[in-house]
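The values are calculated or read from the model by the stated rules, or taken from the named source; none is laboratory data. Everything numeric in this text was worked out from a predicted model, so none of it was measured. Cβ: placed from backbone, ideal geometry, glycine included. Neighbour counts: every protein chain shown.
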Amino acid sequence: MNRPAERFEVAVVGGGMVGATLALILARAGIRTVLLEERPPLREWPENTVDIRVSALTRASRIILDTLGAWAGIMERGAGPYRYMRVWDPACGGELYFDGADVGQDILGFIVENRVSVAALWSILEGLRDVSVVCPARVAGIHPVAGGSELLLDKGQTIFAELVVAADGAHSALRSMAAIEVKGWSYAQTALVATVETQTAHHETAYQRFLAEGPLAFLPLRNGMSSIVWTSSSQTTQRYLELPERTFVNELEVASGGILGSLALVSKRASFPLRLQYARSYFRGNVVLVGDAAHSVHPLAGQGANMGILDAAALAESVIAARDLSRPIAGFHTLRRYERWRKGDNLAMLMGMDGLHRLFVRPPPGFGFLRSLGMNLINRSDPIKNFFNRYAMGLRADLPRLAYGQKCW
Ligand SMILES: Cc1cc2nc3c(=O)[nH]c(=O)nc-3n(C[C@H](O)[C@H](O)[C@H](O)COP(=O)(O)OP(=O)(O)OC[C@H]3O[C@@H](n4cnc5c(N)ncnc54)[C@H](O)[C@@H]3O)c2cc1C
């Protein structure tokens, strides 16, 4: 005889940065939640090692994580602030320089290893009463039943939830199962990531140098090293991946323009093909999308995870408000409120990054000079520069309450 499905108000599928943030907010609000994750995350690692995947987290993300009680665990495990950002176009001499102090902040953000954020969130989640963490568990199917959906896990277990959240990344299986359409295109570009030691100290500065095929970023790590994100055509990146280490480092030094002196590779090289992708709708029935399942953005301004964390906070706030008003948490009004809140903001970011990509990587003929002129003009205009700076830091209107440090439960 089949065992009856265990019942929850919300099932969050995917325990990456976004799903784990959402599950934590819901649990803090006393909403009975299950977090389903296919791959057990790392909890500990040898000292002095660095995750090859890092994210620049904005002020808004930090405040959300802090209000949830997760930021202390991130700092304990280690995160490095960046105070300055230099973006330049060596071909035509354009340059932008950002300093947190210009917008009244001591820092622009933090560079956090992805494994650090996830471990900090999971360590809290696993001690909370209102959330069950089921891992490893892959959601293999979903079907509607009265009052919600049943999720079929790969090991045969069944879970019932009123609301199902797809936080399962850019290739979201849940999104396909719910038949939510996605639009987008490949950039025919691949980002190469690695960790390097640099001869010159980074001075808590994030560098981004725009090259003919795409940007090369150096993100300052807490231990003095830097994480690189080097975007090129997929063909060129494949060549960089296959080069012997010494030759690769030589090419990287040339591409960096010597900004951090000589370099030494201290990790393997990994690569991520880049796409712009967005879901036509953020929900269908009682299945709702957050994070990369809803949108994938070019990483040139380091916004993907930050957008997802805002999604998590906005969806949780909408669900908690519905619960408090005794309205259905998976009802049309609840999910539409979330969609209206986040979709426009996310699309604006997606298109903004796409525009920047086109401006730098595929400019119309003769446009390089104008582009650099524009960069230099913006650099000299405090109001315009500060507008971009504040936007990128997540300092804007209409954010979820958690982003202002206010609890939403
Ligand atoms: C090179 C590069 C650099 C980047 N830099 C930045 C940056 O500086 N700042 C920033 O904000 N963003 C950055 N991003 C984007 C950021 O990494 C992503 O936006 C973010 O990790 C998305 O988080 P997520 O939780 O939505 O998805 P994911 O991290 O993909 O997590 C999805 C989770 O779902 C699980 N899962 C999948 N399918 C199932 C299933 N069927 N059942 C159960 N579990 C499942 C997976 O195991 C995974 O743990 C960068 C991206 C790239 C490629």
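Remarks
- Inter-residue pairs, beta-carbon under 7 Å, first under 11 Å from Gly14 (Cβ atoms) and in the stretch 170-181, second part of a loop (DSSP other than H, G, I, E, B), 6+ apart: Leu174/Asp168
- Qualifying residues in the stretch 295-313 (those that are among the hydrophobic types (A, V, I, L, M, F, W, C) and free of Cβ contacts under 8 Å to residues at least 60 places away in the same chain) - the one farthest from Pro273 (Cα to Cα): Met307
- Of all residue pairs spaced 6 or more apart or on separate chains, those with beta-carbon atoms under 9 Å, a first member in the stretch 240-264 that is assigned to a strand (DSSP E or B) and a second member that is of a type in the set (Ser, Thr, Tyr) are Leu263/Thr198; Leu263/Ser226; Leu263/Ser256; Ala264/Thr198.
- Lone unmet requirement of (1) charged (D, E, K, R); (2) assigned to a loop (DSSP other than H, G, I, E, B); (3) buried (at least 24 other Cβ atoms within 10 Å of the Cβ) for Arg342: (2)
- If you go through the stretch 116-153 and pick out every residue that is surrounded by 20 or more Cβ atoms within 10 Å (Cβ to Cβ) and within 11 Å of the ligand (Cβ to nearest atom), you end up with 8.
- Within the stretch 15-27, restricting attention to residues that are touching a strand residue (DSSP E or B) at 6+ places or on another chain (Cβ under 9 Å) and either over 23 Å from Ala322 (Cα atoms) or among the basic types (Lys, Arg) (or both), the residue that is surrounded by the most Cβ atoms within 10 Å (Cβ to Cβ) is Gly15.
- Residue in the stretch 302-314 that is surrounded by 18 or more Cβ atoms within 10 Å (Cβ to Cβ), at pLDDT below 95 and under 19 Å from the mean Cα position of the chain (by Cα) present: yes
- Flag if Ser267 is modelled with pLDDT of 95 or more, at negative phi and part of a loop (DSSP other than H, G, I, E, B): yes
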